[in-house]
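The values are calculated or read from the model by the stated rules, or taken from the named source; none is laboratory data. Since we're looking at a predicted model, the values are computed, not measured. In this analysis, Cβ positions are derived from the backbone assuming ideal geometry, glycine residues included, and neighbour counts consider all displayed protein chains. These area figures cover heavy atoms from the full protein model, side chains too; ligands, DNA and RNA do not enter into them. Shrake-Rupley method; radii C 1.70, N 1.55, O 1.52, S 1.80 Å.
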Amino acid sequence: MFIAQAYKAKNEFWRYLIGSLVVATAAFIGQLPLVFVMLFELVQSGSDMGALNESNMFEILEPNLFLFLILISFVIGFIGLKLILKPLHGQNLREIATSRSKLDWKRIWFAFIFWGVISSGLTLVDYFFLAPEDYVWNFEPQRFFILLVIAVVLIPIQTSLEEYVFRGYLMQGFGILAKNRFFPLVMTSVIFGLLHIANPEIDKLGYSLLVYYIGTGLFLGIITLMDEGIELAVGFHAANNLFTALLVTSDWTAFQTHSILKDIAEPELSFMDMILPVFIIFPVIIFIFSRVYHWRNWKEKLIGPVHEPATEDYKIIGES
């Protein structure tokens, strides 16, 4: 019912193309403060503006300021999504997010705490027991507190926008277009993965890392389709980015922060680094979620057809 409820909206596919363009444009406008501040810093320092690139922009701005400015673009993008939904589709944010009558915050918090504890635990095990030589203590109380405020307020907006757009808005758009669930699952995952191609991690580790990003998109798409809403994906994604930003940083990642730890190991991408999360950890999490929320009808929900619901089914969506 999650995809099919888009039948209640104005769902011609050109509307989703325009909506996506509006969100992308809003996010681009949201990046202008970052551009202006960086240009100002370059002029003040007398540096060559032509030398600005992905790797040295972190050296130009203080990390907390850079993080704040880069995350502002997601706030503007979220505003753009909210403003365009009603006039373009006749929908609100809840209708592209879940088949339930309202957003299920218990699901969001469950996934957030679940993955926050596990991901932090894995990092701490690596730091204390497996490879302590790969880390240095990076904790500076004042800078970390500023980071904490920025991260807690803005990172959930960043990750939620991505989930609303990919696992919500575009999942419904591609689903109505193809009239099945498999096509939107694959398409949203591939687009989600390819949009990370400009991340500095790709430059350091190579394009093979896209397997992880696309695999993450598939994982988030699967739990969205099986659970009939994006709540679990929202919680997981927020925990993943928030705890990473606060706990560990490095000189070659997208988020270079005043975190507690700094990874100083030489960046490398091993076969196990690819296999472990995508083919072992994610399937285990899917299994755990399926037991907690009693998922059934896997084939139908993941690759089955999308039909327009009968009138009485709309009432079920609103009352469930």
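Quick one: net charge of Leu220's neighbours, Cβ under 13 Å, K/R +1, D/E -1?
-3
Under a cut-off of 19 Å between alpha-carbon atoms, report the lysines in cross-link reach of Lys204, not counting same-chain residues fewer than 8 places apart.
Here the lysines satisfying the reach criterion relative to Lys204 are Lys262.
Show me, bin by bin at 5 Å from 0, the whole-percent P(r) of region 113-167 based on Cα pairs.
Spelled out bin by bin, region 113-167 gives 4, 15, 12, 20, 23, 14, 8, 3 percent.
If I compute solvent accessible area with a 1.4 Å probe over the protein chains, what percent of it on region 144-194 is carbon and sulfur? Can you show the working numbers first?
Details: 1440 of 1680 Å².
Carbon with sulfur: 86 percent of the solvent-accessible area.
Can you list the residues, at least 5 places off or on another chain, whose amide H is less than 5 Å from the amide H of Ala254, using H built in the peptide plane?
Excluding prolines and chain starts, which carry no amide H, the hits are Glu201.
Where only protein heavy atoms count, and the probe is 1.4 Å, what is the accessible area per residue for region 192-320 in Å²?
Values: 6290 Å² over 129 residues.
On a per-residue basis, region 192-320 sits at 49 Å².
Compute the length gained on full extension between Asn180 and Lys10: take 0.36 nm times their separation in residues and subtract their Cα-Cα distance, giving the result in nm to one decimal.
Values: separation 170, 0.36 × 170 = 61.20 nm, distance 1.80 nm.
Extending this stretch completely gives an extra 59.4 nm.
Expressed in nm to one decimal, what extension gain is obtained for the pair Ile197 and Ile280 from 0.36 nm per residue of sequence separation less their Cα-Cα distance? List each step's numbers first, then the result.
Numbers: separation 83, 0.36 × 83 = 29.88 nm, distance 2.36 nm.
Contour length minus Cα-Cα distance gives 27.5 nm.
Using a basic spin-label model with each label point 7 Å from the Cα along Cα→Cβ, how many nm lie between Lys102 and Ala254?
Result: 3.2 nm between the two label points.
Rolling a 1.4 Å sphere over the protein heavy atoms, what is the accessible area per residue of region 84-164, to the nearest Å²? Display every interim value, and only then the final one.
On the way: 4350 Å² over 81 residues.
Per residue, region 84-164 has an accessible area of 54 Å².
How much net charge surrounds Ala6 when only the other residues with a Cβ under 10 Å from the Cβ of Ala6 are counted, with Lys and Arg +1 and Asp and Glu -1?
Working: positive: Lys8, Lys10; negative: Glu95, Glu308.
Within the 10 Å Cβ shell, the charges total 0.
Working only with C-alpha atoms, what are the Rg and Dmax values of region 140-296, expressed in angstrom?
Every Cα atom of region 140-296 included, Rg and Dmax give 16.5, 53 Å.
Check the straight Cα-Cα distances from Lys102 and name the lysines below 28 Å, setting aside those fewer than 8 residues away within the same chain.
Lys8, Lys10, Lys82, Lys86, Lys179, Lys299, Lys301, Lys315
Please compute the contact order of the chain in relative form: average sequence separation of alpha-carbon pairs under 8 Å and at least six residues apart, divided by the residue count, as a percent. It would help to have the intermediate numbers written out before the result.
Details: 439 pairs, mean separation 87.5, N = 320.
For the chain, the relative contact order is 27 percent.
Would you mind estimating how fast the chain diffuses translationally, via Stokes-Einstein at 25 °C and 0.890 mPa s with the Kirkwood radius over Cα pairs, in µm²/s?
Values: Rh = 20.8 Å.
Answer from the Stokes-Einstein relation: 118 µm²/s.
Sum -39500 (n - 2.57) across every DSSP H segment of at least 4 residues in the chain, then divide by the residue count to get the 222 nm mean residue ellipticity, nearest 500.
-20000 deg cm²/dmol
Based on the Cβ-Cβ distance of Glu300 and Leu39, what FRET efficiency does E = 1/(1 + (r/R0)^6) give at R0 = 56 Å, to the nearest 0.05?
Details: r = 53 Å, r/R0 = 0.94.
That gives a FRET efficiency of 0.60.
Which peptide among 94-101, 147-154 comes first, and what is the full order, when sorted by highest mean count of other Cβ atoms within 10 Å? Let's see the in-between values first.
Working: 94-101: 19.6, 147-154: 17.1.
Sorting 94-101, 147-154 by mean packing, highest first, produces 94-101, 147-154.
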